[in-house]
Every structure is written in structure tokens, then in C-alpha cells.
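Here is the structure we will look at.
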Ligand code: UD1
Ligand code: MG
């Protein structure tokens with residue numbers, strides 16, 4: 001890989017960075033304009049991540065972070081775990097950004113909110129600082145988000161270094177979720193669910209899940225991180241699916257922030273919070289995608305998949321829209337459930353389930369798992385049923401015994417449905433599917449919600 005930036009790249013990145021710095025310098029007028037600052041920071045994060053991915057590739061290879069691109073004729077080794085670079089730039093951006101969302105409150109707390117007379121009087125009796133006015137709870141949310149993400153990145157790098165076992169991988173996100181769940185408990189603590197109208201006669205208007213709500217949120221972090229990691233294996237798909245999801249969440253946030261929404265809407269602040277987390281994420285992911293898209297120059301590693309999944313979980317939980325988030329993760333959910341027979345070893349699961357590269361045609365075909373030992377009767381019948389439903393490609397011998405089947409992933413299923421195709425077309429098809437399902441999900445969320453709930457909170 002060319003490790004130096006080309007001249008056009010240098011000038012473009014410099015121009016972008018200077019423009020963003022200019023915007024940032026101006027945000028300190030008025031209330032600090034945190035949203036504008038966040039956009040500027042995202043531009044800077046893009047530029048840093050773009051350059052660092054390029055510069056650090058060789059260093060990563062030398063330390064053994066490298067992988068073979070298995071869907072290519074020439075399986076050359078390229079840098080792996082570049083998601084770690086992405087995550088570091090992201091975390092530093094969030095940390096540097098801390099003063100902006102709180103600028104207004106910092107000014108108010110340290111100067112008496114422009115009411116210096118009151119301030120002076122109080123100052124004589126008290127400490128002189130009106131710190132009780134400062135929204136410590138919001139700062140705590142923000143800091144706990146950073147802490148959870150830091151945890152997951154550490155654990156992700158550990159996984160990329162040592163290839164942690166699948167059953168241990170599952171638990172990683174639970175540990176990382178603890179900081180944010182504690183803050184949720186102390187700060188918000190709502191564990192009630194609004195009950196859909198048809199069920200109200202039985203359950204009442206609100207149903208309190210109690211501690212089960214915390215189990216639900218921990219499971220959501222397990223799901224969002226791992227489901228992105230197993231919806232992977234072709235160039236660009238990990239990063240691009242995360243970008244599609246992030247953009248859809250941003251679209252949902254913007255619905256709450258348009259001038260048409262009555263202000264102050266109770267959800268405004270949490271959706272702003274969500275944007276502060278997502279915009280820099282989009283910045284660093286775009287920079288990574290530029291290098292990871294077909295033909296990939298770098299791999300993202302499990303670090304990126306965990307990191308991206310955790311960004312969504314933290315965002316959905318602390319932003320109080322976890323159910324909407326689940327709608328946007330439906331393709332991942334399908335892939336997870338569809339994978340279950342292999343994940344839980346009802347049928348054998350090879351180390352890699354990514355599609356098979358046909359060297360003669362240059363196209364990807366679905367990869368297959370061969371059953372060396374005959375399958376148990378009910379499982380074999382189940383596979384044949386899936387085959388008849390066009391949900392699997394099963395090969396049987398003349399006696400009707402199942403010999404092999406396509407691997408149980410959405411990526412392979414796509415190839416079963418639409419036939420062999422080039423890697424980038426496959427990725428684009430799956431991304432269009434992701435975007436379509438997500439848009440439909442948001443539509444249902446805001447338009448159809450009234451059919452089963454009495455109010456849409458928009
Ligand atoms: C998960 C999947 C596995 C899939 C792998 C690919 C499950 C249970 N596990 O495993 O089936 O094969 O992701 O990411 O579903 N690679 C490519 N091209 C790409 C991306 C990755 O060839 O576009 C290969 C490279 O050799 C790379 C390796 O996959 O080094 C990374 O695999 P890794 O992320 O470690 O696999 P898992 O996450 O454990
Ligand atoms: Mg992986």
C-alpha cells in the first residue's frame with residue numbers, strides 16, 4: 001500500500017482541516033454553538049483518521065496486525081485492526097469536544113449566569129461558585145459513554161491480538177456496558193415500558209420491567225456489537241453498514257430538532273447528545289471506508305465492529321431510543337438468528353464463513369459447509385425445509401442424505417438468491433437492503449406507532 005499521501009490528498013485534507021478550525025474558532029461567540037462545533041470536529045476527525053490510517057499501515061503490519069484478503073485472486077496481506085486507529089481518533093475527538101456542549105453552563109456556573117450581583121451576595125456566604133446550576137448529570141452521561149467506549153476498544157484490540165473464543169467474546173460488551181448502565185440507573189432510572197393499546201386491559205398503561213430492563217440493555221450491547229462482527233467478510237461491509245445505521249439514526253435525531261418540532265421538546269437534549277456521539281463517528285468511519293472499500297487496502301478488525309456496535313448501544317440507551325435502534329438493526333438481527341444453527345453448533349461452523357471466490361470467473365459464490373458425518377434426522381429435515389423455502393442451498397445425494405449446504409449468513413443467502421456477483425456489487429446490494437429496511441423501520445416507527453400506541457413521542 002502507498003503509505004504517503006498524494007499531493008491532492010494533502011491539499012484537500014489541509015483545506016478541510018483549516019476550514020473546520022476556522023468554524024471552531026467562531027463557535028465561542030454566543031452559547032458556544034455545540035452542534036456546529038461537533039460538525040467541525042467531525043471534519044477534523046475525518047482528516048486525522050484518513051492520514052493516520054495511511055501512515056500507520058506499515059507499522060501495524062510490522063507488529064503482526066495483518067490479514068489475507070480471501071476473496072481475491074492474489075491473496076496479498078494488508079494491515080488489519082485499522083479500526084483501532086479510527087476508535088482512538090474518535091475517542092480523542094469526544095474528549096476534546098467536552099467543553100463545547102457545556103460551554104453555556106460553564107459560563108453560567110462560574111459567572112453567576114450574567115447576574116453578578118446575586119453572585120456576589122451568594123459568594124460572601126457560600127463558596128462563590130454556582131456549581132449546583134451545572135448539569136452534572138449530563139456530563140456524567142457523556143463521560144460514561146466515553147468510558148464504555150474506551151472499555152470496548154481495549155477489549156476489541158485484545159481480541160484482535162489473541163483471537164478470543166466465541167463464548168468469551170459474547171461477554172465482552174457486558175463489561176463495557178457497566179459505566180453507562182450505572183449512569184442510566186442513577187440519572188434516568190426509567191425501567192417502564194409503554195404498553196401497546198391492545199394489551200392495556202391486561203398490563204395497564206405502563207409495565208415496569210424493573211431489573212430486567214438492565215438485562216435488556218446489556219443484551220442490546222451484546223447484540224449490537226457481535227451482530228456487526230458476524231455480518232462481515234467482504235470488503236467494506238463492516239464500515240459501510242455502520243455508516244448506513246449511523247446516518248439513519250442521525251435522520252431520526254434531526255426529526256426532533258427541526259424548527260417545526262415544538263421547542264423545548266422533552267427529547268431535544270437526548271437527541272442532541274446522540275448527534276454529538278454520531279457525527280464524529282461518521283467522520284472517522286468515512287475515512288476508514290475510503291481505505292476499506294473494494295479493493296480493500298486495509299481491514300478494520302474486530303476492534304471496529306465492537307466499537308461501532310457499542311457506539312450505537314450507548315447512543316440508543318443514553319439517548320433513550322433503544323427500540324428505534326432495534327428497528328435499524330433488523331438485518332443484523334436476521335443474520336444473527338439465521339446464523340444461530342452454526343453459532344450454537346447444531347451444524348458445523350467453519351472458522352470463516354465469508355463467500356467463496358471463484359478464480360475462473362472472478363465472482364463471489366456462496367461458501368459451503370460439508371457434512372462429513374450424517375446430520376441427525378430432524379436437523380437434516382429442517383435444512384431441506386429451508387431449501388424448499390429458498391432460505392438455504394442444500395445438496396443431497398440420491399438417498400436423500402444431506403451432503404452440504406451454503407453457510408448460514410445473510411451474505412451467502414444473498415448470493416443464493418441473486419447468483420454469483422462481484423464483491424463490490426454484493427456489498428452495494430446488501431447496503432441498499434440495510435438502508436431500505438432502516439427507512440421502512442423509521443417510517444413504521446413514526447407513522448404506524450399510533451396504531452398500537454396512543455402517542456408518537458415525536
Ligand atoms: C467473523 C465471522 C466469520 C467471517 C469473518 C470475516 C462468524 C461466526 N464469524 O469472524 O465467519 O469469515 O468474521 O470477517 O460469523 N477478511 C477478508 N475480506 C474482508 C474482511 C475480512 O478476507 O473483507 C478476512 C481476512 O483474512 C481477515 C479476516 O477475515 O484477516 C478477519 O476475520 P475476523 O474478524 O478475525 O473473524 P471473526 O470476527 O472471528
Ligand atoms: Mg471480525
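Points worth noting:
- Of the residues in region 201-223, not one is in a loop (DSSP other than H, G, I, E, B), touching a residue at least 24 places away in the same chain (Cβ under 8 Å) and touching a helix residue (DSSP H, G or I) at 6+ places or on another chain (Cβ under 8 Å).
- Meets criteria (surrounded by 18 or more Cβ atoms within 10 Å (Cβ to Cβ) and not in a loop (DSSP other than H, G, I, E, B)) for residue 16: no
Yes/no matrix, rows are residues, columns are (1) in contact (Cβ under 8 Å) with a residue 40 or more places away in the chain; (2) crowded, with 22+ Cβ neighbours inside 10 Å; (3) assigned to a strand (DSSP E or B); (4) within 16 Å of ligand 2 (Cβ to nearest atom):
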position	(1), (2), (3), (4)
272	yes, no, no, no
277	yes, yes, no, no
283	yes, yes, no, no
287	yes, yes, no, no
311	yes, yes, no, no
320	yes, no, no, no
337	no, no, no, no
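- Criterion: assigned to a loop (DSSP other than H, G, I, E, B) and within 27 Å of the chain's Cα centre (by Cα) - qualifying residue of 352, 446: 352
- Taking the criterion of being surrounded by fewer than 24 Cβ atoms within 10 Å (Cβ to Cβ) and outside any loop (DSSP other than H, G, I, E, B), the residues of region 78-88 that qualify are 78, 84, 88.
- Only one entry of 354, 346, 364, 451 meets the criterion of being modelled with pLDDT under 95 and either surrounded by 15 or more Cβ atoms within 10 Å (Cβ to Cβ) or farther than 30 Å from residue 256 by Cβ (or both), and that entry is 346.
- Among the candidates 250, 254, 215, the residue that is at pLDDT 95 or above and either away from ligand 1 (no atom under 16 Å from the Cβ) or crowded, with 17+ Cβ neighbours inside 10 Å (or both) is uniquely 250.
- In region 229-236, the count of residues that are crowded, with 22+ Cβ neighbours inside 10 Å, within 16 Å of ligand 2 (Cβ to nearest atom), on the phi > 0 side of the Ramachandran plot and in contact (Cβ under 8 Å) with a residue 24 or more places away in the chain is one or more.
- Complete set of residues in region 146-172 that are more than 13 Å from ligand 1 (Cβ to nearest atom) and either part of a helix (DSSP H, G or I) or surrounded by 19 or more Cβ atoms within 10 Å (Cβ to Cβ) (or both): 146, 147, 148, 149, 150, 151, 152, 153, 154, 155
- Test: residue 395 is in contact with a strand residue (DSSP E or B) (Cβ under 7 Å, 6 or more places away or on another chain) and not assigned by TED's automatic domain parsing to the domain that holds residue 230: yes
- Set 307, 299: member being under 24 Å from residue 101 (Cβ atoms), within 16 Å of ligand 1 (Cβ to nearest atom), at pLDDT 95 or above and touching a helix residue (DSSP H, G or I) at 6+ places or on another chain (Cβ under 8 Å): 307
- In region 67-97, residue nearest to ligand 2 (Cβ to nearest atom) [restricted to those that are free of Cβ contacts under 8 Å to residues at least 60 places away in the same chain and more than 22 Å from residue 150 (Cα to Cα)]: 68
- Residues that are assigned to a loop (DSSP other than H, G, I, E, B) and closer than 28 Å to residue 364 by Cα, drawn from region 224-261: 231, 232, 233, 234, 235, 236
The values are calculated or read from the model by the stated rules, or taken from the named source; none is laboratory data. Given the structure is predicted, the values throughout are model-derived calculations rather than measurements. Please note: Cβ atoms are built from the backbone with ideal geometry, for glycine as well, and neighbour counts cover all protein chains shown.
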